[in-house]
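K.L.:
Please see the structure below; I have some questions.
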Amino acid sequence: MRIVQIAPNLYPIPHYAGTEILVYILTETLVNKGHEVYLYAPEGSKSSAQIINFKQQYQSSEELVDYVLKTMPNNIDIIHDHSLSINSLKKEIAVPTVSTIHYWDYTSSKFCVHVSKKAREIYGNNKGFYIYNGINVDDYEFSEEKEDYNLFIGRICAEKGLHDALTVCEKNNEKLIIAGPIYDESYYKNQIEPRIKNNKKVKYVGFVKGKEKQNLLKYAKCVLFPSIWELFGIVIIEAMACGTPVLAFPNGGIPEILEDFPNLLCNTVEEMTYKCKNQLFPSYKSLRKCVENKFSADKMTERYLFVYQLAIIDRNKLLHKSFLH
């Protein structure tokens with residue numbers, strides 16, 4: 001199949017942001033399965049696919065789609081848009097198109113894919129498809145040996161709930177390692193930095209990736225994920241692949257990820273504090289097995305290929321119908 005992938009026109013692929021990670025994993029898996037993939041992405045992107053760089057950053061949706069349609073190779077079977085550009089234009093284009101809604105956006109195109117059932121319910125009016133994000137599980141080292149620290153990993157901004165993770169560890173007098181880029185400087189300076197400076201058991205290590213991120217995930221005794229709203233939460237499955245339990249609030253798509261482990265869901269900070277202190281966790285191997293069974297890159301990619309085929313069949317039916325009339 002000849003496939004065009006349109007990444008968001010923000011950061012080079014791959015990137016630490018969840019959408020960019022997903023686009024990279026899906027693209028690489030499609031290439032490994034023998035498909036011919038063309039990836040539209042910002043300059044500096046890396047992929048096994050054939051990369052076509054955007055002309056400039058932050059184009060309007062209309063400009064971006066126009067650029068793709070003018071520059072993409074002939075005989076493309078499917079366009080997969082991760083940028084919301086085609087979806088936002090609310091018009092049909094000649095090539096069958098699938099749009100994945102990674103953000104909080106209401107959908108208009110027929111073949112929209114959401115990253116959780118909850119996202120489809122809220123933003124798709126229960127129409128379209130849902131496909132869980134997947135990772136290359138073999139890229140994550142499993143460990144049953146844990147060290148004496150909890151981990152928060154993610155963007156540092158109010159909606160990710162780092163202040164609650166700090167509260168949990170302060171009340172339990174436990175170590176907390178914080179990893180991630182500062183997205184809200186005011187939030188960090190006013191609500192986070194003073195608490196770090198006043199607590200020798202809290203350490204901020206900045207943005208991490210690769211082996212450093214891997215080691216933090218696999219040796220943490222628990223990952224704290226007190227996000228106030230999350231369509232999916234790729235950090236959760238990354239941690240579970242390493243055999244590390246994740247305590248999270250039951251919002252957005254998180255209960256779907258932790259469906260097999262309802263005891264990891266916490267309704268309040270107090271409940272998270274109690275479960276963290278008493279280590280009320282499932283077996284490390286069961287966490288890994290869950291990711292292998294439900295959230296692998298192969299499983300995700302096969303589901304996308306199925307939706308691609310449906311979009312192509314639907315377009316062919318429309319062409320056949322118009323020809324007959």
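The values are calculated or read from the model by the stated rules, or taken from the named source; none is laboratory data. These numbers come from a predicted model, not from an experiment. A quick note on method: Cβ atoms are made from the backbone with ideal geometry, for glycine too, and the neighbour counts reach across all protein chains shown.
K.L.:
Regarding Gly34, is this residue modelled with pLDDT of 95 or more and not hydrophobic (A, V, I, L, M, F, W, C)?
P.N.:
yes
K.L.:
Then there's this: For the range 219-229, check the following and say yes or no: at least one residue is loosely packed, with under 15 Cβ neighbours inside 10 Å and either in a helix (DSSP H, G or I) or modelled with pLDDT of 95 or more (or both).
P.N.:
No, every residue in the range 219-229 fails to be loosely packed, with under 15 Cβ neighbours inside 10 Å and either in a helix (DSSP H, G or I) or modelled with pLDDT of 95 or more (or both).
K.L.:
While we're looking at this one, here's another question. Counting only residues that are surrounded by fewer than 16 Cβ atoms within 10 Å (Cβ to Cβ) and assigned to a strand (DSSP E or B), how many does the range 184-208 have?
P.N.:
Looking only at that region, the number is 3.
K.L.:
Between Thr301, Thr273, which is outside any loop (DSSP other than H, G, I, E, B), buried (at least 17 other Cβ atoms within 10 Å of the Cβ) and touching a Lys or Arg at 6+ places or on another chain (Cβ under 6 Å)?
P.N.:
Of the residues listed, the single one that is outside any loop (DSSP other than H, G, I, E, B), buried (at least 17 other Cβ atoms within 10 Å of the Cβ) and touching a Lys or Arg at 6+ places or on another chain (Cβ under 6 Å) is Thr273.
K.L.:
Against the conditions (1) in contact (Cβ under 8 Å) with a residue 24 or more places away in the chain; (2) assigned to a loop (DSSP other than H, G, I, E, B); (3) out of contact with any helix residue (DSSP H, G or I) (no Cβ under 7 Å at 6 or more places or on another chain); (4) not aliphatic (A, V, I, L, M), where does Glu170 fall short? Just the number, please.
P.N.:
Just one mismatch for Glu170, condition (2).
K.L.:
Restricting attention to the range 142-164, does a residue exist that is among the β-branched types (Val, Ile, Thr) and either over 29 Å from Glu28 (Cβ atoms) or free of Cβ contacts under 8 Å to residues at least 60 places away in the same chain (or both)?
P.N.:
Yes.
K.L.:
Here's another thing I want to ask about it. Exactly one of these conditions fails for His163: (1) over 20 Å from Val291 (Cα atoms); (2) assigned to a helix (DSSP H, G or I); (3) touching a Leu at 6+ places or on another chain (Cβ under 7 Å). Give me its number.
P.N.:
It is condition (3) that His163 fails.
K.L.:
Given the criterion at pLDDT 85 or above and either under 21 Å from Leu305 (Cα atoms) or assigned by TED's automatic domain parsing to the domain that holds Ile254 (or both), identify the matching residue among Thr107, Thr71, Thr100.
P.N.:
Thr100
K.L.:
Does Phe232 count as in a loop (DSSP other than H, G, I, E, B) and free of Cβ contacts under 8 Å to residues at least 60 places away in the same chain?
P.N.:
no
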